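The values are calculated or read from the model by the stated rules, or taken from the named source; none is laboratory data. Keep in mind that this is a model prediction, so the values were computed, not measured. With ideal geometry, Cβ positions are generated from the backbone for all residues, glycine too; neighbour counts draw on all protein chains shown. To get the accessible areas, we keep the full protein, side chains included, count just its heavy atoms, and leave off ligands, DNA and RNA. Shrake-Rupley method; radii C 1.70, N 1.55, O 1.52, S 1.80 Å.
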Amino acid sequence: MNRLPDLSLETSPLTLVEVIYSTAIRDVMSADPIVVTRDTPMSTVQQRMRDHGVSGLPVAEEGRLFGIISVHDLIEILQQGKLHMPVSDCMTERVVTLEEEMPLSMAISTFSKYPYGRFPVLNAAQRLTGIITVRDINVSLVNRLLQQVSKFESMLDSEVTPGLALNRVFQTRKHDFENGGKASTTIKKHLVEHHVDRSLVKRVAIASYELEMNQVVHSIGGTISYRITPEAVEILVQDRGPGIANVDNALTEGFTTADDWIKSLGFGAGLGLPNAKRVSDIFFIHSEPGVGTTVKAVIHLQKQTKEQEA
Amino acid sequence: MKLTEIATTGNWETLQNASADADVNRAYTSDLLSDVMAHAHDSDILITIQAHNNTVAVASLAGVQAIVICNDRPVPGDMLASAQKENIALFRTKANQFETSCMVGKMLEV
């Protein structure tokens, strides 16, 4: 038998813990179970099990539980050819029971403790009101977790739509001038639509466009990610190579490694990184030849820390 | 000066006339897109020989209202389409950057 995963409070996801502790056994069990009485002959037990597709029946009279009779007991009786015997002679009398008010977590731990496939459930007055199987637990858990997941998903949707806040990632490809500027243009439009100050938008546009085109012109491709909050625009660009041999040179205005073709398109004047750095409030660059380049540029939206007009 | 007025006054071919009746009062002449990005202003006219899609992207990001392509350089279809999409006017002239700058300077009375 497969072991149950560790469902302890400390290690389980909170959603699961919440579900198994807030659900009562009463809401999971099968109520009004089929029962047999102590004097029921075993031949009738065989018939009931076959008719209802169950492998165990509680033995009860007027709600009082006397024992449980399982398919294993029945097999033994069949082998002995004693189907006429009453249930009272064949049943298990010392039955482990659960109570309606207990949390589902209790049922789960009881199932991991004992090798039984079902437990009778009693109410506060010790009367039999239901029976619980592993199947009942599975069905109920799946349903409840599905509800939780849809709840989370609807929360995610509502976070994306309103307002200025935005997280977006764009891909760039080597020498893909056709799409060069797409990311920056999209982000600029978003900021304008949300009434961000024009001079701040211009600074974001400059940093973003220069870094984006640097990837198109110089790198073998990468990503450009934006994290926009009401406080700041954070641009993170990461490429897969080839990396910059001397970052200080790259940050010097006029220094360029671009070829004539790139220059003929109006790029590669050695202005890109210096421009991006000039308009950013925070600018960080790390590059490793053969590995790639990462640049982070942050522009604060709250107060204009850089006084110059972009 | 209104953009529509400029379109009809200038000695150029109008490839795409912006629909918005925007005001323009300055111009910037450069063939380096990073330079344009850094120094062009909102409501500028951009005078350049860079006849390709990325010029429109830079113009849009910098807030440029109109682009004048000098030396009668051929304008590719995708550039024209981008200009239409971004609502940026696009003119083409036989004159070079200097001559065009002088012409626009006179129009704007700079």
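Just so you know, in segment A:44-61 the residues that are exposed (fewer than 15 other Cβ atoms within 10 Å of the Cβ) and not hydroxyl-bearing (Ser, Thr, Tyr) include one that is nearest to residue A:125 (Cα to Cα), and it is A:61. When segment A:206-236 is examined, which residues are found to be among the hydrophobic types (A, V, I, L, M, F, W, C) and either open to solvent by less than 30 Å² (accessible area, probe 1.4 Å) or within 13 Å of another protein chain (Cβ to nearest Cβ) (or both)? Within segment A:206-236, A:206, A:207, A:211, A:213, A:216, A:217, A:224, A:228, A:232, A:233, A:235 meet the criteria.
Inspection of segment B:61-77 identifies at least one residue that is in contact with a Phe, Trp or Tyr (Cβ under 6 Å, 6 or more places away or on another chain), buried (at least 21 other Cβ atoms within 10 Å of the Cβ), within 12 Å of chain A (Cβ to nearest Cβ) and closer than 26 Å to residue A:260 by Cα. Of the residues making up segment A:168-198, those that are of a type in the set (Lys, Arg) and facing chain B (nearest Cβ under 10 Å) are A:182, A:188, A:189, A:198.
On inspection, residue B:43 qualifies as more than 8 Å from every other protein chain (Cβ to nearest Cβ) and open to solvent by 10 Å² or more (accessible area, probe 1.4 Å). Could you please let me know if residue B:51 is more than 7 Å from every other protein chain (Cβ to nearest Cβ) and open to solvent by less than 50 Å² (accessible area, probe 1.4 Å)? Criteria met by residue B:51.
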